[in-house]
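In what follows, a single structure is set out as structure tokens and then discussed.
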Amino acid sequence: MLKDPVAFVDDHITQSRKDLKSFATDEGCGGYSGGWIYKMDFGDWHEFRVPDIQGRLKKPWILANTPVLADATRIAVDTRVPTGEVFLMFDIGLADIPVGKPPGAQAFQPIDWPSIEVEKK
């Protein structure tokens, strides 16, 4: 990823890699929304801009939860493609998802995760 972020993003997009979790940055969800829409809050992020590479995709931005990339425990990549796709290279906890909007709803509502019953199979 750090050697050639543009190739890394291109590989993820063209190969539909399953080892990365992709998310849209707006409520349109890149045209893929069909159910609940969730807002995630990961706190403050720092941007690491990738140098221009002539003739390649828009340069992605590497995002991290620390000002020094080597110290980061959470890293994300903003692909800078028209769908607004960002992929995360860390696990998401329920506390990272404070609100959601059910299909057809006009507004987001707080999610009380402890009160949600899990369906047992």
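What you get for region 5-104, charging only the Cβ of Lys and Arg (+1) and of Asp and Glu (-1), is a dipole of about 220 debye around the Cα centre. Over the chain, dividing the summed -39,500 (n - 2.57) contributions of all DSSP H runs of at least 4 residues by the number of residues returns a 222 nm mean residue ellipticity of -3000 deg cm²/dmol. Between GLU47 and VAL99, full extension at 0.36 nm per residue minus the direct alpha carbon distance yields a gain of 16.3 nm. Between amide H atoms placed 1.01 Å from N, distances below 5 Å from ILE37 occur with LYS101, all of them 5 or more places distant or on a separate chain.
Largest GNM mean-square fluctuation across LYS39, LYS59, LYS18, computed for the chain with C-alpha springs under 10 Å, falls on LYS18. What is the sum of charges, Lys and Arg at +1 and Asp and Glu at -1, for the other residues whose Cβ falls under 13 Å from the Cβ of ASP91? For residues surrounding ASP91, the net value is 0.
Readers should treat all values here as calculations from the given coordinates under stated rules, not as data from a laboratory. Small disclaimer: the values here were computed from a predicted structure and weren't measured. All Cβ positions, even for glycine, are placed from backbone atoms using ideal geometry, and neighbour counts span all protein chains on display.
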